[in-house]
1. Give the number of residues within the range 7-62 that are more than 29 Å from residue 103 (Cβ to Cβ) and acidic (Asp, Glu).
2. For the range 118-129, name all the residues that are loosely packed, with under 11 Cβ neighbours inside 10 Å and within 22 Å of residue 63 (Cβ to Cβ).
3. What pairs come out if I take residues in the range 102-119 that are within 16 Å of residue 43 (Cβ to Cβ) and pair them with residues that are open to solvent by 70 Å² or more (accessible area, probe 1.4 Å) and in a loop (DSSP other than H, G, I, E, B) whose C-beta lies under 6 Å away, six or more apart or interchain?
4. Tell me, which helices (runs of 4 or more DSSP H) lie completely within the range 51-117 with 2 or more residues that are small (Gly, Ala, Ser) and open to solvent by less than 20 Å² (accessible area, probe 1.4 Å)?
5. Name the residue, out of 119, 56, that is modelled with pLDDT under 95, within 22 Å of residue 14 (Cβ to Cβ) and of a type in the set (Lys, Arg).
6. What is the number of the single condition among (1) over 12 Å from the mean Cα position of the chain (by Cα); (2) open to solvent by 80 Å² or more (accessible area, probe 1.4 Å); (3) modelled with pLDDT of 95 or more; (4) farther than 23 Å from residue 125 by Cβ that residue 48 does not meet?
7. Return yes or no: is residue 36 in contact with a Leu (Cβ under 7 Å, 6 or more places away or on another chain) and open to solvent by less than 20 Å² (accessible area, probe 1.4 Å)?
Amino acid sequence: ATAWDGMDDGQLRVCGVDSVDAESWYNKRIHPGHRVERQMQYEGYLQHEVVPLMKRTGSQLLGATGTSFGGYHALNFALRHPDIVTHCMTMSAAFDIKQFLNGYFDQDCYFNSPHDYLRNMGDHWYLDQ
């Protein structure tokens, strides 16, 4: 059996979601605090609009994947929402977002930088997921 078989019989759904990187991380015309704020809005969109559409299948399984900066998005979303994402696979991704922040770093930046928040993770709810 292949992934195509799963898609043909409705057991597997694939949804491609574009990013807002040009409005967030890559937007050098705005303050880094606004960049991370736009990222947080994007995450809310994924969590409250995209995920409910994907969960209409009735499956409790939801995977996230991506390449390059899409890999960052997939992993960061999966790590921040282990109650939603059950599987994650990334390819060739950079997980330290400091390169986009010009030295700015607040709590929202910290919690969007897996490179930083994972090393200090002690919350058993997240770790148990």
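The values are calculated or read from the model by the stated rules, or taken from the named source; none is laboratory data. Only a predicted model underlies this, so the values are computations on that prediction, with no experimental measurement involved. Virtual Cβ from ideal backbone geometry, glycine too; neighbours counted across all protein chains shown. When the accessible area is computed, the model is the full protein with side chains, heavy atoms only, and any ligands, DNA or RNA have been set aside. Shrake-Rupley method; radii C 1.70, N 1.55, O 1.52, S 1.80 Å.
1. Number satisfying all stated conditions: 3.
2. Within the range 118-129, 125, 127, 128 meet the criteria.
3. 117/111
4. So the answer is 69-80.
5. The conditions single out 56.
6. Of the numbered conditions (1) over 12 Å from the mean Cα position of the chain (by Cα); (2) open to solvent by 80 Å² or more (accessible area, probe 1.4 Å); (3) modelled with pLDDT of 95 or more; (4) farther than 23 Å from residue 125 by Cβ, the odd one out for residue 48 is (4).
7. no
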